[in-house]
Amino acid sequence: MVRGLVLDDGSYWVFYTARDQSTILAELVQGTGTSHSGSFGSSNTRDFNFEGAGIRTATMNGTYVLAKSFRGTITYFNGDTENFTTAYDAESESAPKLNLVVGNYAGLRADHHTVSVTVESAGTVSGHLSDGCTFAGTLSPRTMGKVFHHTVTFGGGACPYDTETVAGVAFYDAATHRLYSAALNSSRTSSLVFIGTKQ
């Protein structure tokens with residue numbers, strides 16, 4: 001399954017789940033592109049893969065029908081390609097509601113890490129991974145779209161990124177009770193990516 005965001009600043013965030021396992025996070029594809037007359041292009045695509053491939057660089061090109069669909073092709077620098085299609089979600093134009101997101105979430109990544117996250121009514125976020133890494137941050141509504149701005153600071157210790165702070169986006173799918181979030185550092189070498197189901 002693929003769920004994606006293309007924001008007003010040109011950035012895109014595409015979440016992939018494992019084949020036939022819609023609750024297991026497999027990868028995040030992120031970058032910034034430009035759109036014109038039904039075409040979309042990006043030369044700085046980065047793929048954060050949790051199935052063993054690590055971080056890969058790529059380009060992405062696609063076509064879209066406004067408020068209907070997006071079809072994209074990711075081309076990796078080794079020549080591999082990957083195609084995806086997403087349908088427009090009319091709910092994306094509504095304002096994000098923090099009260100719907102408040103709760104406890106659990107998720108599993110394809111690298112076998114489990115992730116637990118708690119969202120409080122004030123927008124504070126805390127959580128931990130199964131390797132012992134803890135993190136804390138915030139969710140705040142973006143000015144456009146049903147999307148939250150998301151920042152996270154790692155707690156050091158078992159965390160591979162020490163006490164680094166990463167930033168990105170989050171959105172909540174009320175139909176499936178799932179929270180999708182992704183936060184990166186400025187060089188896109190550190191990340192915290194999560195798909196969790198409300199408990």
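Bear in mind that the values in this text are calculations on the coordinates, not laboratory data. It should be emphasised that the depicted structure is a prediction, and the values quoted were computed from it without experimental measurement. When we count neighbours, we look across all protein chains shown, and the Cβ atoms used for this are built from the backbone with ideal geometry, even at glycine.
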Relative contact order of the chain, pairs being alpha-carbon contacts under 8 Å that are 6 or more residues apart, as %: 14
Relative contact order (%) - criterion: Cα under 8 Å, at least six apart; region: segment 23-104: 18
Distance histogram for segment 2-91 (every C-alpha pair counted, 5 angstrom bins, percent rounded to whole numbers): 3, 13, 26, 27, 18, 10, 3, 0
Average projected area [Cα convex hull, the chain], square nanometres: 10.5
³J(HN,Hα) computed for each position of segment 93-100 - Karplus, 6.51 cos²θ - 1.76 cosθ + 1.60, integer Hz, glycine/proline x: 8, 7, 6, x, 10, 4, 4, 6
Cleavage-rule hits (trypsin sites (Lys or Arg not before Pro)) in segment 42-90: DSSP loop, at most 16 neighbouring Cβ within 10 angstrom: Lys68
Loop-located chymotrypsin sites (Phe, Trp or Tyr not before Pro) in segment 51-93 whose Cβ has at most 12 other Cβ within 10 Å (DSSP): Phe77
Given charges at beta-carbon only (K, R positive; D, E negative), |dipole| of the chain in Debye: 300
Cut-off 13 Å between beta-carbons: net charge of the residues surrounding Tyr161, Lys and Arg +1, Asp and Glu -1: -2
3J(HN,Hα) from dihedral phi, segment 116-131, Karplus parametrisation 6.51/-1.76/1.60, rounded to Hz, x for glycine, proline: 10, 9, 10, 10, 9, 5, 7, x, 6, 10, 9, x, 7, 9, 5, 7
Whole-Å distance, taken between Cα centres, linking segment 35-106 and segment 1-22: 4
The chain, helix-only ellipticity at 222 nm - DSSP H runs n ≥ 4, -39,500 (n - 2.57), divided by all residues, nearest 500: -500 deg cm²/dmol
